[in-house]
Amino acid sequence: MKLGRLNHVGVATPSIEKSIAFYRDVMGAEVIREPFDLPAQGVKVCFVDTPNSQIELIEPLGEASPIHGFLAKNPAGGQHHLCYEVPDIHAAKAWFEGKGAKVLGEPRIGAHGTLIFFVHPKDMGGVLTEIMETPKPGAAH
Ligand code: CO
């Protein structure tokens, strides 16, 4: 596998609305995308653009949201995951499994509309890692 570009840094927050104000007023972010629900992942998502990457703000959506536990430990929110692009999601999954890393579930559609999966932090130097197939040229995202 060849490591691709850092697509985004996932940041959990109890309030996307408050985080948007922070990134706009304190961090000087000029491009903040429209928040949207991602029910399949149990999160509400908002992308904040930086010149070379994005911050993905994630807020719990629904009782079963996987980030309730994170926010219970980190009530103010905090860095949740890193997301790297790869050209072929299925090849990447086979690669990580071949290295003995614990892939969490099957590839599924992520916030950018391409297939993603997560790899358990215990096998990734303590970092919850999202692997995302690079959007094809001309795709909406
Ligand atoms: Co993400």
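The values are calculated or read from the model by the stated rules, or taken from the named source; none is laboratory data. If you're wondering where the values come from, they're calculated on a predicted model, not measured in any experiment. Note: ideal-geometry Cβ built from the backbone for every residue, glycine included; neighbour counts use all protein chains shown. Ligands, DNA and RNA are excluded from the accessible area calculation, which covers all protein heavy atoms including side chains. Shrake-Rupley method; radii C 1.70, N 1.55, O 1.52, S 1.80 Å.
Any residue in the stretch 85-98 that is of a type outside the set (Asp, Glu), open to solvent by 70 Å² or more (accessible area, probe 1.4 Å) and either within 16 Å of the ligand (Cβ to nearest atom) or within 16 Å of the chain's Cα centre (by Cα) (or both)?
Checked against the condition, which is being of a type outside the set (Asp, Glu), open to solvent by 70 Å² or more (accessible area, probe 1.4 Å) and either within 16 Å of the ligand (Cβ to nearest atom) or within 16 Å of the chain's Cα centre (by Cα) (or both), the stretch 85-98 yields no hits at all.
Looking only at residues in the stretch 1-59 that are open to solvent by 40 Å² or more (accessible area, probe 1.4 Å) and among the β-branched types (Val, Ile, Thr), which one is nearest to the ligand (Cβ to nearest atom)?
Filtering the stretch 1-59 for residues that are open to solvent by 40 Å² or more (accessible area, probe 1.4 Å) and among the β-branched types (Val, Ile, Thr), the one nearest to the ligand (Cβ to nearest atom) comes out as Thr50.
Taking strands (runs of 3 or more DSSP E) that do not extend beyond the stretch 43-134, which have at least 3 residues that are out of contact with any Gly (no Cβ under 8 Å at 6 or more places or on another chain) and under 24 Å from Ala21 (Cβ atoms)?
Hits in the stretch 43-134: 43-49, 54-60.
Quick check: anything in the stretch 119-136 more than 15 Å from the ligand (Cβ to nearest atom), loosely packed, with under 15 Cβ neighbours inside 10 Å and modelled with pLDDT under 95?
Checking the stretch 119-136: at least one residue is more than 15 Å from the ligand (Cβ to nearest atom), loosely packed, with under 15 Cβ neighbours inside 10 Å and modelled with pLDDT under 95.
Would you check if there is a residue in the stretch 18-27 being more than 18 Å from Gly77 (Cα to Cα), more than 12 Å from the chain's Cα centre (by Cα) and of a type outside the set (D, E, K, R)?
No, there is no match, as no residue in the stretch 18-27 is more than 18 Å from Gly77 (Cα to Cα), more than 12 Å from the chain's Cα centre (by Cα) and of a type outside the set (D, E, K, R).
Could you please let me know if Ile67 is within 12 Å of the ligand (Cβ to nearest atom) and farther than 17 Å from Met132 by Cβ?
Answer is yes for this residue.
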